[in-house]
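Written below as structure tokens is the structure these notes are about.
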Amino acid sequence: MKRMSAIAVALLILAGHPEADAALRDRATLPPDVAVNTVYLSLEDCPPTKRDELENALRFIVPSLSSKVYLADQIPLRIEKTNLLRLDLAGLGWESTYPTVIAQQYVPSYRPDLVHAKAIPLVVSGLWFAATVVDPIEGGNAGDLLLYGGKPPATADDFLKFWGIQNDADFVFGMIEGQSGVSLQRIRLIENRPGAKRNVGWLTRDSAVVAADHDPLETLPNKVKFDAQEIIVQQVKWAGGRSGYLQSYFLANGAGKAQVKAPANIVVDHIGLRGPEIRNTFSCIVCHTQGINPPTNDQFRSYIEAGAKVAFLKKDEQRRVDQYLTSDVAREVVDCQAQYAAGIRLCNGLSPEDNQRCFVESIQTFDQDVTLAQAARELYCEPRDLSLALAYYSRTQTLTGRLALLAQGQAISRNQWKTSYQFAQGILYQWQTHTP
């Protein structure tokens, strides 16, 4: 109860969101122990034609940022006859971390009236949440704070330990990918490890130059040195007698230390939704449509099938190589993809392809240039009112160059709007309170 006091304070300062009253009414219908841990995401500032996609994206993103298993309490619930999605912070395990994330990442830009009150709003933009929290460049460590209870893993070992991923050589499979679509060298070692939480872990080892001790074919079976790695862990979700996987991601350097983005001289995001660098979680979701991407070329098997012989001085070395590099990784990929598809269906009923489309379209909606109509949606007013407010202000004061363009019907970039938002908010408030 004490950890949620910020929300209780915020209830006194809710002016500014058109659905605040609806949120309060819905909250009042809940038992007190549930209500105190209830907050809302709104679809209101998303263009009407994109709200269904955003809702589906949020029904996937929100549970993906919870380390808890019971999915039924993690899926955002649409409140009838509103654009509100209800979140159960206790069900998500976000009781202490959600207030921190919103206070650090959302309030300063979008609810500056709450900064000094040290409060968070009951209603937060769902469009902002979807586009920001899963991207460490845009939202800092917000996603990791939510997922790991305020204690994000600092190293690959921390990440693997949190998810219970094992490293018993008898149960670890590997393969040498020879035609990677991510690695600039095309060659990377991929490893599959079992987990202790009904899950599976996948690791890559990538290098800027694949040669000598940085070449997996020269360091059999899995002694290759590397400069960077991506780790994917399946997390089990369960609801209504059915289960499936969602995924968590981690990027690390050669020493195993966390990276928010991977070096572009080693791996590259060919989809490039927000540029060529692979950003943790955000880029991984976009790339891994079906969960685990199937390898396109098994270089070691091709090497053997071409007639090459691999000789070892010791029988144990041969056994280890055979066991590690000729295991059935392909079947593991298929099984994990099926589980991931099942997990997505439990979240929003979509196929992996449609789920990824909704995710991408929500990001694109947020990232596209901001028109007068979109600016008005985010200020919760009509475009005509915003236009009049800007015109009224410009009669006696000087507008910024970007707001002047917006007033003339020209779109500005998302970043330009972000830096203009508070100023525009003040102008609108002044016009609303000082004009008849």
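Summary table below
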{"read-out": "Qualifying aspartates and glutamates (Cα of each under 20 Å from Cα of residue 314; at least 8 residues distant if same chain)", "value": "170, 218, 322"}
{"read-out": "Filter on 151/225; 161/223; 118/151 - keep pairs with C-alpha separation over 26 Å", "value": "151/225"}
{"read-out": "Sorted peptide list for 105-115, 120-130, 279-289, criterion being average Cβ within 10 angstrom, highest first", "value": "120-130, 279-289, 105-115"}
{"read-out": "Dipole magnitude of the chain, debye to nearest 20 (Cβ charges: Lys/Arg +1, Asp/Glu -1, about Cα centre)", "value": "560"}
{"read-out": "Approximate shape of the chain as ellipsoid semi-axes (Cα gyration tensor, √5λ), whole Å, largest first", "value": "46, 24, 17"}
{"read-out": "Over the chain: helical MRE at 222 nm, DSSP H runs n ≥ 4 each giving -39500 (n - 2.57), nearest 500", "value": "-11500 deg cm²/dmol"}
{"read-out": "Kyte-Doolittle at least -0.5, axis length at least 20 Å by Cα - qualifying DSSP helices, the chain", "value": "329-348"}
{"read-out": "Rounded if a/c under 1.5, otherwise prolate or oblate - region 2-147, Cα gyration tensor axes", "value": "rounded"}
{"read-out": "Ordering of 22-29, 65-72, 247-254 by burial proxy (mean other Cβ atoms within 10 Å per residue, highest first)", "value": "247-254, 65-72, 22-29"}
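Taken together, the values in this text are just the output of simple stated rules run on the coordinates, not laboratory data. These numbers come from a predicted model, not from an experiment. Note: ideal-geometry Cβ built from the backbone for every residue, glycine included; neighbour counts use all protein chains shown.
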